[in-house]
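Below is one structure; the comments refer to it alone.
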Amino acid sequence: MTTLVQTRPRLSPFTAEATFINRSFLHSVRDVEALLMAVVLPVMLMLMFTFIFGNAIDPSGGYVDYVVPGIILLCAGFGASSTAISVSRDMTTGIIDRFRTMPLRSGAVLTGHVVASLARNLFATGVVIAVALLVGFRPVASPLEWLGVFAIVGLYILAITYLFAAIGLAASTPDAASGYGFILLFLPYISSAFVPVETMPGWLQWIAENQPITPVIETIRGLLMHTPIGDSAWLAVVWCLGIIAVSVVWGAWLFRRKAGRR
Amino acid sequence: MTLAIDARGLRKRFGRTDVLAGLDLAVPAGTVFALLGPNGAGKTTTINILTTLVQADAGTAHVAGFDVAAEPEEVKRRISLTGQSAAVDEVLTGTENLVMMGRLSGLGRTEARTRAAELLERFGLTDAATRRVGTYSGGMRRRLDLALSLILALPVVFLDEPTTGLDTRSRQELWSVIRSLADAGTTVFLTTQYLEEADRLADRIAVLDNGRIAAEGTADELKARIGGDVVELRDAGGELLVELPTDGTVHGLRAAIDELDRRAASGAPGVSVTIRRPSLDDVFLAITAGGSPATPSADGLARPELIESK
Ligand SMILES: Nc1ncnc2c1ncn2[C@@H]1O[C@H](COP(=O)(O)OP(=O)(O)OP(=O)(O)O)[C@@H](O)[C@H]1O
Ligand SMILES: [Mg+2]
């Protein structure tokens, strides 16, 4: 070997991000079971809500129109918690130490996980909507409003995925990381996702009205079914952007600070 | 002589234990340096500080000319690390792992592929190139892990127990890789539990004990420190019965022989005595057992006594 020593060249912009996105995509498509779960579980939940609880809640049969936005957010929750597990696994296997001893922007690994999760989730959302249409979902949205639906869903997915990527960094083990995911599967129930907020006891109403999921749900529902949106749209955007900002800063800090734990 | 690694007074405390208590290191560029020490001595901690993963509580360290605390990005551009546990992506194949690292090291797509193929060949992984790393054996993983650190010929390479879990052939392969790295100008900083490895490979060796460098030098210098020859008593089957280090004087040798007699161990049938040069193992055990190796006691026997089998 006659090569002389060299320093690492500076990477062209986004090379690291593109590489990590590619990596996370490979992870997504190779974990067939997780991918299947991410699609099948929300669909099953929707069918259960529509055909089992639906008639009890709304005997006229229109419950599917009410519940689709909630199912979409639940679906995003599954995706986000799987991101927390992937990130946490990176932290505990030691591969993160290899990345941390390279001159890479601290957020690049997380970006890979988040972008792959966004793609996975938007796909799952599409499947949920398609199945919903088959079982009687009748949205009245215009093409522009559909675009709005995907924009707000995408923003929400981005927000909670980034948050859970950071939680994955903070969690001590992948198992712990998956535990935190339950919060996301639980929060939609204390919102207007499945039943109107007015039907809850007073103190729950207060939580339901002041947590981020309710405005997101109301915005999606308003766009799809032309129910009143009111303040919900900008509240939803502010919540999501706020969560993203906090998570990005927190995540970058955790990434720099935490040595790989093994 | 330029120093590739220059650490002064490094301290690191975890909870109530001082893992590093004023560590000094000076590693000349282009050499192979081995850091030895018992389990928990702080070898990995030292590597973590030198590779910017962990901040020292006190002291300074320069790697490839840059301060690890003040200019970590410049340090990172000049080092690579193969940590103690394998840092490979189990979901990806061997090739994909190497191509990913190549891209992250600034290689173009085709360049990264070519380099990946070269390294797979060199580490005997060509047949497993398209298999997921999750299906690799421990030794294969380790070899891939090492290959991932060698994509570029960087100024300083850190290897934390690189040959643990490797079979003899792979170990010797790696030794030759490490030698050729150093010949090409790379500084190799490694830790190891195999003293033979340090003996064969390293230009200089340091023994870490109680948070400080207890001894440092070439293998020969370290062996000279322990004093003179070692007297061994073996039974008919070649099994080691007693091993006594001496201070190298005639008086010391006689004292050792007398000691054997006193234990009445030398009279048994078939028992034979040999005198040999001290090995690095002797040095290591003597230093890390807490005694000071080069000070023989009055009877001419170096303390502590090294091995005695029943
Ligand atoms: N993050 C940490 N928190 C608390 N204690 C730690 C931490 N990292 C290391 N230690 C302690 O510091 C000491 C030195 O650990 P280190 O891993 O550096 O040893 P080592 O010389 O590499 O050992 P080995 O030969 O077993 O790899 C050990 O007692 C270990 O328990
Ligand atoms: Mg160690």
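Every residue, every condition in (1) surrounded by 18 or more Cβ atoms within 10 Å (Cβ to Cβ); (2) in a strand (DSSP E or B); (3) within 14 Å of chain A (Cβ to nearest Cβ); (4) away from ligand 2 (no atom under 16 Å from the Cβ), yes or no:
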{"position": "B:Ala7", "(1), (2), (3), (4)": "yes, yes, no, yes"}
{"position": "B:Arg11", "(1), (2), (3), (4)": "no, yes, no, yes"}
{"position": "B:Asp18", "(1), (2), (3), (4)": "no, yes, no, yes"}
{"position": "B:Ala21", "(1), (2), (3), (4)": "no, yes, no, yes"}
{"position": "B:Leu35", "(1), (2), (3), (4)": "yes, yes, no, no"}
{"position": "B:Ala41", "(1), (2), (3), (4)": "yes, no, no, no"}
{"position": "B:Leu53", "(1), (2), (3), (4)": "yes, no, yes, no"}
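On inspection, A:Phe78 does not qualify as more than 14 Å from every other protein chain (Cβ to nearest Cβ), open to solvent by 50 Å² or more (accessible area, probe 1.4 Å) and at pLDDT below 85.
Among the conditions (1) outside any strand (DSSP E or B); (2) within 14 Å of another protein chain (Cβ to nearest Cβ), the only one that B:Gly165 does not satisfy is (2). If you go through region B:55-87 and keep only what is open to solvent by less than 10 Å² (accessible area, probe 1.4 Å) and among the β-branched types (Val, Ile, Thr), you end up with B:Val63, B:Val75, B:Ile79, B:Thr82. Restricted to region B:168-204, and to residues there that are under 15 Å from B:Ile47 (Cβ atoms) and within 14 Å of chain A (Cβ to nearest Cβ), the residue that is farthest from ligand 1 (Cβ to nearest atom) is B:Thr187.
Yes/no per residue for (1) under 20 Å from the mean Cα position of the chain (by Cα); (2) modelled with pLDDT under 90:
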| residue | (1), (2) |
| --- | --- |
| A:Pro103 | no, no |
| A:Ala108 | yes, yes |
| A:Thr111 | yes, yes |
| A:Ala116 | yes, no |
| A:Leu147 | yes, no |
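If you go through region B:182-197 and pick out every residue that is touching a helix residue (DSSP H, G or I) at 6+ places or on another chain (Cβ under 6 Å) and either surrounded by fewer than 17 Cβ atoms within 10 Å (Cβ to Cβ) or at pLDDT 90 or above (or both), you end up with 3.
Give region B:150-171 a look and list any residue that's closer than 18 Å to B:Thr31 by Cα and away from ligand 2 (no atom under 16 Å from the Cβ), or say none. Before you say what the answer is, go through the steps one by one.
In the first step, residues of region B:150-171 are kept if they are closer than 18 Å to B:Thr31 by Cα; the result is B:150, B:152-162.
Correct list: B:Leu150, B:Leu152, B:Ala153, B:Leu154, B:Pro155, B:Val156, B:Val157.
Name the one entry in A:Gly70, A:Gly94 that is modelled with pLDDT under 90, open to solvent by less than 10 Å² (accessible area, probe 1.4 Å) and closer than 23 Å to B:Gly83 by Cα.
Values: A:Gly70 fails: closer than 23 Å to B:Gly83 by Cα.
Matching residue, one of A:Gly70, A:Gly94: A:Gly94.
Using the structure shown, decide if A:Ser117 is open to solvent by less than 50 Å² (accessible area, probe 1.4 Å), touching a residue at least 12 places away in the same chain (Cβ under 8 Å) and part of a loop (DSSP other than H, G, I, E, B). Before the answer, list the steps.
On the way: open to solvent by less than 50 Å² (accessible area, probe 1.4 Å): yes; touching a residue at least 12 places away in the same chain (Cβ under 8 Å): yes; part of a loop (DSSP other than H, G, I, E, B): no.
It is false that A:Ser117 is open to solvent by less than 50 Å² (accessible area, probe 1.4 Å), touching a residue at least 12 places away in the same chain (Cβ under 8 Å) and part of a loop (DSSP other than H, G, I, E, B).
Residues that are facing chain A (nearest Cβ under 7 Å), in contact (Cβ under 8 Å) with a residue 24 or more places away in the chain and not in a helix (DSSP H, G or I) within region B:55-79 comprise B:Arg78, B:Ile79, listed in sequence order.
Taken over region A:213-262, the criterion of being within 14 Å of another protein chain (Cβ to nearest Cβ), more than 16 Å from ligand 2 (Cβ to nearest atom) and open to solvent by 20 Å² or more (accessible area, probe 1.4 Å) is satisfied by A:Arg256, A:Arg257, A:Lys258.
Is it fair to say B:Leu146 is away from ligand 1 (no atom under 16 Å from the Cβ) and within 14 Å of chain A (Cβ to nearest Cβ)?
yes
The values are calculated or read from the model by the stated rules, or taken from the named source; none is laboratory data. Note that the structure is a prediction, hence the values are computed from the model and not measured. Cβ coordinates were reconstructed from backbone atoms using ideal geometry, including for glycine residues, and neighbour counts include every protein chain displayed. All accessible areas refer to the heavy atoms of the entire protein, side chains included, with ligands and DNA or RNA removed. Shrake-Rupley method; radii C 1.70, N 1.55, O 1.52, S 1.80 Å.
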